[in-house]
Amino acid sequence: MTKKDKDKKKQKDEDEREAKSNGNGEDEPKRLTRKKFEKQLRKLQGELVALQRWVQKSGARIVVIFEGRDAAGKGGVIKRITERTSPRVFRLVALPAPTEREKTQIFAQRYIPHLPAAGEMIIFDRSWYNRAGVERVMGYCTDEDYDRFLKGAPLIERSLVQQGITLIKYWFEVSREEQTRRFEDRINDARKIWKLSPMDLESHHRWYDYSRARDAMFAATDTNFAPWYVVQADNKRAARLNCISHLLSVIPYKHVPYDKPKLPKRQKPHGYKEPRYNYNFVPQKF
């Protein structure tokens with residue numbers, strides 16, 4: 001079997017698994033083929049563009065936080081949200097590890113400059129909740145810092161909501177078996193090795209430590225003004241559609257009237273001729 005045939009078989013197996021999984025670690029008859037997924041995604045992405053136009057028109061300020069298990073598929077959802085929208089309106093924030101100076105700041109200080117102005121939706125790929133997750137589990141903060149965070153986070157979030165910011169928080173949950181499969185896939189696929197970090201390996205090893213940290217975080221920060229919404233993510237396709245559909249449902253946007261423009265005719269050349277220039281063309285191998 002050639003490498004190309006192996007890749008096709010691997011893709012077919014993944015398609016079948018995604019179509020069967022219902023997101024709860026169980027199987028049911030096929031219901032979400034790639035064709036159905038892409039059809040639904042196209043509709044949802046059209047609504048995301050409508051949401052974008054409303055955000056610009058209304059001056060809304062929206063913050064969407066994506067947290068969850070490593071390899072749970074947060075990046076895939078974010079990609080589908082942003083790939084058909086403007087990065088100037090739907091702004092993605094994925095901060096690197098804090099600098100030595102930032103480590104001495106209050107827990108949310110490095111995120112505050114990224115909060116939205118009017119007409120913006122900020123998408124945090126990981127957020128101040130790093131303190132409740134990886135920092136807690138890996139011992140990167142003191143017990144006092146951690147306790148102070150759990151008490152302070154709801155106060156700051158209440159302040160954001162009271163000042164008119166729409167705050168939406170998603171937690172992506174994946175089963176132990178599916179997380180293991182995805183990590184092994186990253187190890188064995190040259191296209192995905194960049195997605196596997198030492199922290200990912202630790203998260204696999206410390207599954208129950210992260211479970212305890214998640215439970216404590218929910219108990220302290222799952223509030224009525226900024227609740228956590230849990231996305232069951234064993235089925236990537238279903239998780240993407242479910243999350244985007246839910247996001248659209250919790251924002252009271254309206255369709256802004258769209259006057260379809262008419263494409264103007266091209267101007268006449270008025271004597272213009274292509275120059276005989278020796279362009280460095282890219283080889284046409286495909």
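Observations on the model:
- Residue among 191, 69, 214 with the largest mean-square fluctuation in a Gaussian network model of the chain, springs linking Cα atoms under 10 Å: 191
- Placing +1 on the Cβ of every Lys and Arg and -1 on the Cβ of every Asp and Glu, with nothing else charged, gives the range 104-234 a dipole about its Cα centre of roughly 200 debye.
- Taking every alpha-carbon pair in the range 134-280 and binning the separations at 5 Å intervals from zero gives 2, 6, 10, 12, 13, 13, 10, 7, 5, 5, 5, 5, 4, 3, 1, 0 percent.
- Extension reserve of the residue 258-residue 195 stretch, reckoned as 0.36 nm per residue once the Cα distance is removed: 18.7 nm
- Footprinting exposure proxy ranking of 121, 217, 138, fewest other C-beta atoms within 10 angstrom first, gives 138, 217, 121.
- Of all DSSP-defined beta bridges confined to the chain, some 5% are antiparallel rather than parallel.
- Charge-dipole axis of the chain as Lys and Arg at +1 and Asp and Glu at -1 on Cβ define it, positive-most pick from 168, 211, 62: 62
- 246, 205 arranged by Cβ crowding within 10 Å, fewest neighbours leading: 205, 246
- Set 35/74; 169/195; 35/169; 74/260; 169/192 screened for pairs whose C-alpha atoms are more than 31 Å apart: 74/260
- Mean separation of Cα contacts under 8 Å, 6 or more apart, over the residue count of the chain: relative contact order %: 27
- Counted residue by residue at 0.36 nm each, then reduced by the alpha carbon distance between them, the extension gain from residue 57 to residue 109 reaches 15.8 nm.
- Note on 207, 54, 194, 128: ascending count of other Cβ atoms within 10 Å places them as 194, 207, 54, 128, the fewest first.
- Under the Debye formula (equal points on every Cα, no solvent term), log10 I(q)/I(0) of the range 139-204 at q = 0.13 Å⁻¹: -0.66
- Between 236, 79, 192, the residue with the greatest mean-square fluctuation in the GNM of the chain (Cα pairs under 10 Å linked by springs) is 192.
- Taking each DSSP H run with n ≥ 4 as -39500 (n - 2.57) and averaging over every residue of the chain yields -14500 deg cm²/dmol at 222 nm.
- Coordinate range of the alpha-carbon atoms in the chain per principal axis, descending: 76, 56, 43 Å.
- Listed residues 190, 154, 261: farthest to the positive end of the dipole of the chain (Cβ charges): 261
- Packing order of peptides 251-261, 88-98, highest average first: 88-98, 251-261 (average count of other Cβ atoms within 10 Å over each peptide's residues).
Throughout, read-outs are computed from the coordinates displayed, never taken from laboratory work. Not measured: the values here are computed from a predicted model. Reconstructed Cβ throughout: ideal geometry from the backbone, glycine too, with neighbour counts over all protein chains shown.
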